[in-house]
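Chemist: Have a look at this one before I ask anything.
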Amino acid sequence: MTSAKRAELLARAMLIEDLLRQEKSIHHILDKSIFRVREAMERIFERRSFDNLDERFLEYMLQFDDMLAAEINELLIRCIEVGLEAGSLQCTLITKEVLLKNKIPVKPLLVVQQRANQRAVEAAMSRQLRGLNLSDRIWNTAKKVNNSLGQIAIDGIRQGKHPVEVAKNMQRYVKAGKKTMVTEYPDMMDRIGDMLPDNLSYEALRLARTEMASAYGEAEKRTAEEAPFSKGIRWAVSNAGVACWVCKNNAETITDLGKGVYTVSTLPEYPAHPNCLCNLQQVVEDLTEYAR
């Protein structure tokens, strides 16, 4: 196996491993949110004051938005760091191998990598989607989560249900989505179903995956610009076999460099869409010749 192919597989494995961790992390974050809402319900029950419930309860929950946004932000920072490491791994491993073979100091490589990664971090943090920067997207996600949990809580209080029972409804909704809730809690969904997203945990998971992919793509582009052995970047669709037509077109377009291979300046926007799982692969020249 060539060094380039080995580095490519290692980078892909790193991304997949973090994708699996993300789902667990998000469920843990949402469980903490449910616990906070449950505590808020218990305070309402203790006071037995249900006047202007909607307004007062949602206002009370505003304090939770900052907490949830901070937890999501911490997760996204890790996702971005993993994306950057995976995106620069191929360049780093190849360059180290070539330098060591030729008894050239590796330290300058670290300077180049640091410079490329810093630009990639800045690009990832400032990237806008539909006019929103990362902090806006985090805040909107936190707001949507807490508003959804708040609606379930308010409905539970009105129906006289115990906070523990309502919290179980929230956990079921977070894990299984709205379709399952329609089957298991039809009365509740008739009352508030139109106020709830189809899949609440997916909202946060999509954000995490998209930001990691963005950081990965930026690192691939920045290192391709810095690496003298890089000839271009190949767009490869996900192994899951569920690529959309945009991604398939990016992977099959014939350019001067080959099928699905682009220069940094002509590479289509990556990720192509939220939750895009396509892979970017640097196309490198013959490393023996490069080392020589």
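Chemist: Enumerate the amide H contacts of I104 below 5 Å, restricted to partners 5 or more residues apart or on another chain; note that Pro and chain-start residues carry no placed amide H.
Modeler: Here the answer is none, since no amide H 5 or more places off falls under 5 Å of that of I104.
Chemist: Moving to a separate point now. Accessible area of T183, 1.4 Å probe, to the nearest 10 Å²?
Modeler: Near enough 110 Å² of accessible area.
Chemist: In sequence order, what are the phi-derived ³J(HN,Hα) couplings for region 62-69 according to the Karplus relation 6.51 cos²θ - 1.76 cosθ + 1.60 with θ = phi - 60°, rounded to whole Hz, with x for glycine and proline?
Modeler: Each residue's phi maps through the Karplus curve to give 4, 5, 7, 4, 5, 4, 5, 4 Hz.
Chemist: Please give the charge dipole size of region 239-292, origin at the Cα centre, charges +1 on K and R Cβ atoms and -1 on D and E Cβ atoms. Round to the nearest 20 debye.
Modeler: Here the size comes out at about 180 debye.
Chemist: Which whole-number percent gives the relative contact order of region 137-201, counting Cα pairs below 8 Å spaced six or more residues apart?
Modeler: In percent, rounded to a whole number, it is 34.
Chemist: Next question. Report the label-to-label distance for F35 and V106 in nanometres (one decimal), using points 7 Å from each Cα along the Cα→Cβ vector.
Modeler: Once both label points are built, they end up 4.2 nm from each other.
Chemist: Taking H placed 1.01 Å from N in the peptide plane, check which residues at least 5 places from V283 or on another chain put their amide H under 5 Å from its amide H.
Modeler: K231, G232, I233, R234
Chemist: While we're here: Strictly over 22 Å apart at the Cα level, which of K5/K231; K5/K101; K24/K221 would you flag in this model?
Modeler: Those over the limit are K24/K221.
Chemist: Run the accessible area of the chain with a 1.4 Å probe and give the carbon-and-sulfur part as a rounded percent.
Modeler: Here carbon and sulfur together make up 51 percent of the probe-accessible area.
Chemist: For a quick check of understanding: with a 1.4 angstrom probe and all protein chains in place, what accessible area in square angstrom does D31 have, to the nearest ten?
Modeler: Accessible area of D31: about 70 Å².
Chemist: Just reorder H27, H162 by solvent-accessible area, largest first, 1.4 Å probe, all chains present.
Modeler: My answer, sorted largest first, is H162, H27.
Chemist: Now a separate question. Per residue, how much accessible surface does the chain expose to a 1.4 Å probe? Answer in Å², no decimals.
Modeler: 52 Å²
Chemist: Of the labelled options [x] 27, 23, 18; [y] 63, 20, 16; [z] 47, 19, 15, which one gives semi-axes √(5λ) of the Cα gyration tensor in Å as computed for this structure?
Modeler: Working out semi-axes √(5λ) of the Cα gyration tensor in Å from the coordinates points to [z].
Chemist: Still on this structure, I have one more. If each residue of separation counts as 0.36 nm, what is the full-extension length gain between Q63 and D136 once their alpha-carbon separation is subtracted?
Modeler: Working it through step by step, the gained length comes to 24.6 nm.
Chemist: Then there's this: If you take the charge dipole of the chain about its Cα centre, with +1 on Lys and Arg Cβ and -1 on Asp and Glu Cβ, which of L267, L287, S214 is farthest toward its positive end?
Modeler: Most positive-ward Cα: L287.
Chemist: Next question. Please label the shape of region 176-292 as rounded, prolate or oblate, based on the square roots a ≥ b ≥ c of the eigenvalues of the alpha-carbon gyration tensor (a/c under 1.5 means rounded; beyond that, a/b larger than b/c means prolate, else oblate).
Modeler: It comes out prolate by the Cα gyration axes.
Chemist: Mind giving me the FRET efficiency for Y202 and K5? R0 is 51 Å, r the Cβ-Cβ distance, nearest 0.05 is fine.
Modeler: My answer for the efficiency is 0.95.
Chemist: Okay, next question. Using only the alpha-carbon atoms of region 190-256 as identical scatterers, what base-10 log of I(q)/I(0) does the Debye formula give at q = 0.13, 0.20 Å⁻¹?
Modeler: Treating every Cα as an identical point scatterer, log10 I(q)/I(0) equals -0.59, -1.02.
Chemist: Take L68, L9, L100 and sort them by solvent-accessible surface of the protein heavy atoms, 1.4 Å probe, largest at the top.
Modeler: From most exposed to least exposed: L100, L9, L68.
Chemist: Also, I was wondering about something else. Which order do R292, R6 take when ranked by solvent-accessible area (1.4 Å probe, heavy atoms of all protein chains), largest first?
Modeler: Sorted descending by solvent-accessible area, the residues read R292, R6.
Chemist: Run the numbers on region 178-292 and let me know its relative contact order in percent, using alpha-carbon pairs under 8 Å that are six or more apart.
Modeler: 31 percent
Chemist: Still on this structure, I have one more. How high is the relative contact order of the chain, in percent, with contacts defined as C-alpha pairs under 8 Å that are six or more residues apart?
Modeler: The value is 24 percent.
Chemist: Can I ask one more? With every protein chain left in place and a probe of 1.4 Å, what is the accessible surface of Y290, to the nearest 10 Å²?
Modeler: We get 70 Å² for Y290.
Chemist: Also: If R₀ is 25 angstrom, what is the calculated FRET efficiency for the pair E289 and R21, using the beta carbon separation as r and rounding to 0.05?
Modeler: For E289 and R21, the calculated efficiency is 0.05.
Chemist: So which residue, out of K24, K143, K178, gets the largest mean-square fluctuation from a GNM of the chain using Cα contacts under 10 Å as springs?
Modeler: K24
Chemist: Whole-Hz Karplus ³J(HN,Hα) for region 223-237, in order, using 6.51 cos²θ - 1.76 cosθ + 1.60 and θ = phi - 60°, x for Gly and Pro?
Modeler: Calculated HN-Hα couplings, in order: 6, 5, 5, 7, 7, x, 8, 7, 9, x, 10, 8, 8, 10, 6 Hz.
The values are calculated or read from the model by the stated rules, or taken from the named source; none is laboratory data. Just so we're clear, the structure is a prediction, and the values are computed from it rather than from any experiment. Note that we place each Cβ from the backbone using ideal geometry, even for glycine, and neighbour counts take in every protein chain shown. Please note that ligands, DNA and RNA were not included when accessible areas were found on the heavy atoms of the full protein model with its side chains. Shrake-Rupley method; radii C 1.70, N 1.55, O 1.52, S 1.80 Å.
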